[in-house]
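The values are calculated or read from the model by the stated rules, or taken from the named source; none is laboratory data. From a predicted model like this one, the values you see are computed outputs, not experimental measurements. All Cβ positions, even for glycine, are placed from backbone atoms using ideal geometry, and neighbour counts span all protein chains on display.
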Amino acid sequence: MRVWWGVLAFAMFFLGDWNDWKWGRPALRLLFPLGLAVLAGVTAGLIGAAAPCSALWGRIACFAGAAASLALLVYTLFFALPAGDAYMRQEGLRPVCTTGVYALCRHPGFWWLLILYLCLRGSLGVPLSAAALYTALNFLLVLFEDVCVFPARLSGYREYRRNTPFLLPRFGPRNIKRSV
């Protein structure tokens with residue numbers, strides 16, 4: 001049952017994006033960091049709810065994968081793009097980020113969250129149902145962002161959509177060149 005509390009976090013993410021798209025209420029900007037806190041707390045509470053990988057080396061490898069994907073998720077969300085523009089600025093259009101990890105696909109954080117939860121399953125026994133549910137909700141969130149929020153809030157997003165794939169990274173020469 002604890003898995004379902006994570007839905008609250010994704011509801012906060014969705015409402016935060018809706019606010020960015022339609023309402024622009026300053027107080028609702030806190031929904032994103034609050035959603036992150038809820039998701040982190042729920043995830044911590046899920047540790048041990050399922051059996052982790054039975055082999056010690058498997059648990060260690062999964063833990064390393066979880067740590068790496070968490071680091072990449074934090075980098076992608078807070079350092080690969082200007083966090084102040086992305087999460088705090090409401091007025092006017094913000095510039096789209098087309099370099100770094102965002103040159104490979106438009107929503108690289110989707111993959112880091114998926115890998116994080118799969119690795120938490122193997123290393124710390126977070127239920128597979130949590131990984132599946134949170135990945136599905138994250139997919140719906142990035143779809144909403146890609147179709148509604150970002151074209152309305154980010155300058156150059158329509159052009160970015162033409163040149164950069166939605167989820168499946170493109171490792172072509174042009175994308176690689178923009179990513180470094």
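Every residue, every condition in (1) of a type in the set (G, A, S); (2) at pLDDT 95 or above; (3) closer than 19 Å to N163 by Cβ, yes or no:
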site: F78; (1), (2), (3): no, no, no
site: P82; (1), (2), (3): no, no, no
site: Y87; (1), (2), (3): no, no, no
site: G92; (1), (2), (3): yes, no, no
site: L116; (1), (2), (3): no, yes, no
site: R121; (1), (2), (3): no, yes, no
site: L133; (1), (2), (3): no, yes, no
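Within segment 65-80, the set of residues being over 13 Å from P108 (Cβ atoms) and buried (at least 19 other Cβ atoms within 10 Å of the Cβ) comprises just one member, A66. State all residues of segment 123-135 that are of a type outside the set (A, V, I, L, M, F, W, C) and surrounded by fewer than 21 Cβ atoms within 10 Å (Cβ to Cβ); if no residue qualifies, say none. Of everything in segment 123-135, those that are of a type outside the set (A, V, I, L, M, F, W, C) and surrounded by fewer than 21 Cβ atoms within 10 Å (Cβ to Cβ) turn out to be G125, P127, S129, T135. Might you check whether a residue that is over 30 Å from G24 (Cβ atoms) and not acidic (D, E) occurs anywhere in segment 76-83? For segment 76-83, residues over 30 Å from G24 (Cβ atoms) and not acidic (D, E): absent. Apart from one condition, A152 fits all of (1) within 16 Å of the chain's Cα centre (by Cα); (2) exposed (fewer than 15 other Cβ atoms within 10 Å of the Cβ); (3) not hydroxyl-bearing (S, T, Y); the exception is (1). Please pick out the residue among G58, G92, G125 that is over 24 Å from A37 (Cβ atoms) and either out of contact with any helix residue (DSSP H, G or I) (no Cβ under 7 Å at 6 or more places or on another chain) or of a type in the set (A, V, I, L, M) (or both). Criteria check complete, one pass: G92.
Applying the set (1) under 16 Å from I115 (Cβ atoms); (2) more than 19 Å from the chain's Cα centre (by Cα); (3) of a type in the set (A, V, I, L, M) to L39 leaves exactly one unmet item: (2). Read through the list (1) under 22 Å from L8 (Cβ atoms); (2) at pLDDT 95 or above; (3) of a type in the set (F, W, Y), then give the number of the only condition that W57 fails. Among (1) under 22 Å from L8 (Cβ atoms); (2) at pLDDT 95 or above; (3) of a type in the set (F, W, Y), W57 violates only (1).
The residues of segment 1-33 that are of a type in the set (A, V, I, L, M, F, W, C) and over 24 Å from V147 (Cα atoms), listed by number, are M1, V3, W4, W5, A27.
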